[in-house]
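Here's the structure, in C-alpha cells; my notes come after.
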Ligand SMILES: C[S@@+](CC[C@H](N)C(=O)[O-])C[C@H]1O[C@@H](n2cnc3c(N)ncnc32)[C@H](O)[C@@H]1O
C-alpha cells in the first residue's frame, strides 16, 4: 500500500473518534516515533510503498486508536516540561496543567538556596524530575503507593539523568519523614466517581483508577492527610503546593486556614479554572 493510500484509510477508520487534522497529527507522530520519518515525507513521497513491517506496525497503532487508547500509551512516551517521560498503563499521562504547577513552584521558590522537597503520588515522576531539572541544588524525594508506577518513575529519572530518590509509601498510612521538608507538592487523586459521566473514554478506559479517583463521600481524603503530614514534617515557613479539583477550592482553602497554614493562594490554569493552591506553614 502507498503512504498516501494508508493515510486516507487511517483517516476514514478514525472518523468516529478524531477529526482529519487530529488523525493526520497522530499519523505523523506515530511514523516519526516508529520510523524516524519527517512530517514532510507525506508531501514529498506520497507514493512511497509501505513495507509489510511498516504496515503491520501502523495497523496495530490504528487499531489501538480506534479503541480510543491515548497516543502516549501507544507510543509509550509523553512530553512534560521539555523532558521525555516513559508512560504505561500504571501511570497517569502528565498533563499541561501540572506543568503550570511545576512552573509556579520554580518561579516562587527557586532562590538558589538548597531545599528539601517531597512529591507525594509521583506517578511517572514528572513533577519531581522536572523540579530537579529546574532547581538542580534541591534534594528531591518522591513517593507513591504503586510499585509499578515507581518503576516507571525511576526509569524516567535515569533516562533524563536527574537525581531523585523514590520510595514506596502509602500516604494514607500517615508515614513520618526522616528530615524536615521545605516544600511538599502533590497532585493526588481528586476525581469523584460521580464525575465519570463527563469524562472522556480515553481517560476512563485506560488511565489507572488508583491515580484518578477518591471516594465519593471523602473527596478531600488525600488533601487532608497530606496537610496533616505537612503540619508534622514541613519546616516552619515551609510550603505546600497542590493541584486541585476546582469544585473543592473553597473547602480546601478553609481547611488549610484552619490547620495553621497561612498565605493561602489559589491559581488558575490555562483554562481559567482554579487548579492549584499554595499555603505556607505558620511560623507561630
Ligand atoms: C493524579 S496521579 C498524579 C501522578 C503524577 N504526580 C502527575 O502529576 O502526573 C496520583 C498518584 O497518586 C498515587 N497514589 C494513590 N493513592 C496513593 C496513596 N495512598 N499513597 C501514595 N500515593 C498514592 C497514584 O498511584 C498516582 O500515581
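The values are calculated or read from the model by the stated rules, or taken from the named source; none is laboratory data. Since we're looking at a predicted model, the values are computed, not measured. Because the Cβ atoms are built from the backbone with ideal geometry, glycine has one as well, and the counts that use them run over all protein chains shown.
Using the structure shown, decide if residue 116 is surrounded by 14 or more Cβ atoms within 10 Å (Cβ to Cβ) and in the same structural domain as residue 239 (by TED's automatic domain parsing).
Working: surrounded by 14 or more Cβ atoms within 10 Å (Cβ to Cβ): yes; in the same structural domain as residue 239 (by TED's automatic domain parsing): yes.
Yes; evaluated as a whole, the condition is true for this residue.
When only residues in the stretch 150-192 that are away from the ligand (no atom under 15 Å from the Cβ) and assigned to a helix (DSSP H, G or I) count, which is farthest from residue 115 (Cα to Cα)?
159
Condition (residue is surrounded by 15 or more Cβ atoms within 10 Å (Cβ to Cβ), under 22 Å from residue 95 (Cβ atoms) and more than 19 Å from the chain's Cα centre (by Cα)) applied to the stretch 165-182: is it met by at least one residue?
no
It is to be established whether one or more residues within the stretch 41-58 are within 24 Å of residue 94 (Cβ to Cβ) and in contact with a helix residue (DSSP H, G or I) (Cβ under 7 Å, 6 or more places away or on another chain).
Taking the stretch 41-58 and keeping what is within 24 Å of residue 94 (Cβ to Cβ), we get none.
No; the residues of the stretch 41-58 include none that is within 24 Å of residue 94 (Cβ to Cβ) and in contact with a helix residue (DSSP H, G or I) (Cβ under 7 Å, 6 or more places away or on another chain).
Out of curiosity, is residue 92 in contact with a strand residue (DSSP E or B) (Cβ under 6 Å, 6 or more places away or on another chain) and buried (at least 21 other Cβ atoms within 10 Å of the Cβ)? Explain how you work it out, then say what you get.
Working: in contact with a strand residue (DSSP E or B) (Cβ under 6 Å, 6 or more places away or on another chain): no; buried (at least 21 other Cβ atoms within 10 Å of the Cβ): yes.
Here the answer is no, as residue 92 does not meet what is asked.
Specify the residue that is surrounded by the most Cβ atoms within 10 Å (Cβ to Cβ); the eligible residues are those in the stretch 207-244 that are in a loop (DSSP other than H, G, I, E, B) and more than 15 Å from the ligand (Cβ to nearest atom).
To start, the set of residues in the stretch 207-244 that are in a loop (DSSP other than H, G, I, E, B) comprises 207-208, 214-220, 244.
Adding the requirement that they be more than 15 Å from the ligand (Cβ to nearest atom) leaves 216-217.
Numbers: 216: 10, 217: 7.
Filtering the stretch 207-244 for residues that are in a loop (DSSP other than H, G, I, E, B) and more than 15 Å from the ligand (Cβ to nearest atom), the one surrounded by the most Cβ atoms within 10 Å (Cβ to Cβ) comes out as 216.
Right, residue 82: farther than 19 Å from residue 241 by Cβ, out of contact with any helix residue (DSSP H, G or I) (no Cβ under 6 Å at 6 or more places or on another chain) and assigned by TED's automatic domain parsing to the domain that holds residue 176 or not?
yes
Quick check on the stretch 12-26. Is at least one of its residues surrounded by 18 or more Cβ atoms within 10 Å (Cβ to Cβ) and not in a helix (DSSP H, G or I)? Steps first, answer last, please.
Looking only at the stretch 12-26, we keep the residues that are surrounded by 18 or more Cβ atoms within 10 Å (Cβ to Cβ), and these are 14, 18, 23, 26.
Still in the running and not in a helix (DSSP H, G or I): 14, 18.
For the stretch 12-26, residues surrounded by 18 or more Cβ atoms within 10 Å (Cβ to Cβ) and not in a helix (DSSP H, G or I): present.
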